[in-house]
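The values are calculated or read from the model by the stated rules, or taken from the named source; none is laboratory data. No experiment lies behind these values; they were computed from the predicted model shown. With ideal geometry, Cβ positions are generated from the backbone for all residues, glycine too; neighbour counts draw on all protein chains shown. These area figures cover heavy atoms from the full protein model, side chains too; ligands, DNA and RNA do not enter into them. Shrake-Rupley method; radii C 1.70, N 1.55, O 1.52, S 1.80 Å.
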Amino acid sequence: MTTKPLPLAVSIGEPGGIGPDVVLSAWHGSLEKRAEALPPFFLFCDPDQLHRRAAHVGLELVINILDHPNAFDRSSSALQVVPLKNALDGQPGVCNTCDGSGVIEAIDRSVKAVRLEHASGVVTLPINKKSLYEAGFTHPGHTEYLGELAQQHWPDSRSAVPVMMLVGPDLKTVPVTIHIPLADVPKMLTAYTIVETALVVDRDLKQRFGIHKPRLAICGLNPHAGEQGAMGKEDQAIVEPAIARLQALGVAATGPLPADTMFHARARKTYDVALCMYHDQALIPAKTLAFDEAVNVTLGLPFIRTSPDHGTALDIAGTGAADPSSFVAALHMAQQMVSQEHANSKVASMSSQSAPAPAPA
């Protein structure tokens, strides 16, 4: 008997941004069969705010309010919503500090739903960090906060090392350093960080993406990967030793490679993922190639998390112009990762059951 996978938990993100818009648009497209069916999901949100946004963009909305995530109804075509304890204002285009508690609550409860086995994974809609900082949020970003939640809910897990990966149809990129000023990158970049990040990527590409022997292309920090020290010493002093260590550990890592020649079509065929040394080095090529389709995936966590690869887009919130493609891709990516992980677990279980018993002494 095949057990159907649990639904995904979606957190609403910044309610004044396009998060509500893309959820409504994706749900309508699926409901009207203008697009493929969406993976089953429920949304942590304020139903009243969602109704206001639907009216604002001229979309009819039918909500199935769930008292508990376990009440998810697979037979319902309504948008299934778990109400937040904190009401949301969520006026289009306006970030209200008073919404911060609700935004954080939605993230917290989504992760907890996975921990309690009410959901199979988390899909987060974009947050506005500035307004959250004003509400007392102390983390650099979504990814870092999810790492803390992982350690809270899975204290025995050794996997809570969050690694951001941008996934598009033709390219996967990982920034080794993330939400820090560019001037701080050389000070924060270490061989240990590169190795730690690469090992998480190597493991998760095997377990959650089904890539048997991932090929990791390691980008240099400086122009021309330092050109043997003529354009900076970091590539020789930091990046090269990290690659040597990874190769000694059996990881298929190459580099350091010049960033300006890594991302054309022919080069992309030689690797499965590019590890970049800083945020924009990874995100610019990913977003250039697949702005509306790229998905932000957090590796290294004891739960699956994806997110659309766009921001809150306050300037178009409530206009009906927001493209739901990245949100839809994030839902499908999460479902695929869940399926791959379950398949790997099943194979591992069958292998352990079929292993011969040890010979008697």
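Cβ contacts < 8 Å: first residue farther than 11 Å from Thr261 by Cβ and without any contact (Cβ under 8 Å) to a residue 24 or more places away in the chain, restricted to the range 215-228; second residue among the charged types (D, E, K, R) and open to solvent by less than 30 Å² (accessible area, probe 1.4 Å), any location; separation 6+ or different chain. Result? Pairs that qualify, where the first residue is farther than 11 Å from Thr261 by Cβ and without any contact (Cβ under 8 Å) to a residue 24 or more places away in the chain and the partner is among the charged types (D, E, K, R) and open to solvent by less than 30 Å² (accessible area, probe 1.4 Å), are Asn222/Asp235.
Set side by side, the residues Ser110, Ser101 differ, and just one is open to solvent by less than 40 Å² (accessible area, probe 1.4 Å), closer than 20 Å to Gly16 by Cβ and among the polar types (S, T, N, Q), which is Ser110.
Looking at Asp21, is it among the charged types (D, E, K, R) and touching a strand residue (DSSP E or B) at 6+ places or on another chain (Cβ under 7 Å)? In short, no. For the range 169-191, a tally of residues being open to solvent by less than 10 Å² (accessible area, probe 1.4 Å) and more than 30 Å from Lys233 (Cβ to Cβ) returns 0. Being in contact with a strand residue (DSSP E or B) (Cβ under 6 Å, 6 or more places away or on another chain) and either surrounded by fewer than 23 Cβ atoms within 10 Å (Cβ to Cβ) or among the hydrophobic types (A, V, I, L, M, F, W, C) (or both) is true for just one of Ala294, Ala230. Which residue is that? Selected residue: Ala294, the only one of Ala294, Ala230 that is in contact with a strand residue (DSSP E or B) (Cβ under 6 Å, 6 or more places away or on another chain) and either surrounded by fewer than 23 Cβ atoms within 10 Å (Cβ to Cβ) or among the hydrophobic types (A, V, I, L, M, F, W, C) (or both). Which of the residues that make up the range 75-95 are buried (at least 18 other Cβ atoms within 10 Å of the Cβ) and within 23 Å of Glu134 (Cα to Cα)? Answer for the range 75-95, where residues must be buried (at least 18 other Cβ atoms within 10 Å of the Cβ) and within 23 Å of Glu134 (Cα to Cα): Leu84, Leu88, Gly90, Pro92, Cys95.
Listed conditions (1) in contact with a Cys (Cβ under 8 Å, 6 or more places away or on another chain); (2) over 26 Å from Val239 (Cβ atoms) are all met by Met262, apart from (2).
Restrict the check to the range 326-333 and report whether at least one residue is within 25 Å of Val94 (Cβ to Cβ), modelled with pLDDT under 95 and open to solvent by 20 Å² or more (accessible area, probe 1.4 Å). No, there is no match, as no residue in the range 326-333 is within 25 Å of Val94 (Cβ to Cβ), modelled with pLDDT under 95 and open to solvent by 20 Å² or more (accessible area, probe 1.4 Å).
In the range 297-325, the residue that is most open to solvent (accessible area, probe 1.4 Å) out of those that are more than 15 Å from the chain's Cα centre (by Cα) and aliphatic (A, V, I, L, M) is Ala321. Select from the range 259-293 the residues that are in contact (Cβ under 8 Å) with a residue 12 or more places away in the chain, in a loop (DSSP other than H, G, I, E, B) and closer than 24 Å to Lys213 by Cβ and list them in ascending order. Matches in the range 259-293: Met262, Phe263, Thr270, Tyr271, Asp272, Met277. Within the range 135-163, take every residue that is out of contact with any strand residue (DSSP E or B) (no Cβ under 8 Å at 6 or more places or on another chain) and among the polar types (S, T, N, Q) and give me the one that is surrounded by the fewest Cβ atoms within 10 Å (Cβ to Cβ). Selected residue: Thr138. The set of residues in the range 129-144 being under 15 Å from the mean Cα position of the chain (by Cα) and part of a loop (DSSP other than H, G, I, E, B) consists of Gly141 alone.
Among the residues here, Ala259 qualifies as touching a Gly at 6+ places or on another chain (Cβ under 8 Å) and more than 27 Å from Leu331 (Cβ to Cβ). Just one of (1) at pLDDT 95 or above; (2) open to solvent by 20 Å² or more (accessible area, probe 1.4 Å); (3) of a type in the set (D, E, K, R) fails for Asp21. It is (2). The listed residues are Leu166, Leu132, and the only one of them that is closer than 26 Å to Ala313 by Cα, buried (at least 22 other Cβ atoms within 10 Å of the Cβ) and at pLDDT below 90 turns out to be Leu132.
Within the range 143-177, being under 19 Å from Glu196 (Cα atoms) and of a type in the set (Phe, Trp, Tyr) holds for one residue alone: Tyr145. Here Met337 passes the criteria (1) under 19 Å from Ala113 (Cβ atoms); (2) at pLDDT below 95 except the one numbered (2).
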